[in-house]
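Only one structure is covered here, and it is reproduced in the block below.
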Amino acid sequence: MDRRSGRVTNRRAFIAAAATGVLWLARPAAAQPARKVVRIGWLTPQDIEVHVRSFREAMRALGYVEGQAYTIESRSAGNELDRPSPRRLRSRLG
């Protein structure tokens with residue numbers, strides 16, 4: 001009987017070690033930190049669409065994807081070149 005109990009003990013130790021190894025390998029992987037999306041603000045007195053379009057093309061050529069690496073918030077005075085009041089500026093900025 002003594003020999004048999006040694007086998008049972010060895011089998012239990014093997015099963016415990018194997019289960020521990022499997023559980024250790026199956027642990028969840030550490031998640032990568034979320035990438036920060038950079039917000040670019042663009043304020044100009046003129047129509048902005050032509051400039052923003054070429055800026056987006058240049059950023060795309062450099063490998064940056066809008067919405068993943070950066071976002072653009074653009075504001076334009078719409079060719080109203082008179083000096084805006086602070087209240088008007090605040091309403092345009094958001």
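Distant-in-sequence amide contacts of Ile40, defined by a placed amide H-H separation under 5 Å and a gap of 5 or more residues or a different chain, comprise Thr71, Ile72, Glu73. The slack between Val37 and Ala58, meaning 0.36 nm per residue of separation minus the straight C-alpha distance, is 5.8 nm.
Every number here is computed from the coordinates shown, using simple stated rules; none is lab data. Remember, predicted model here, so these are calculated numbers, not experimental data.
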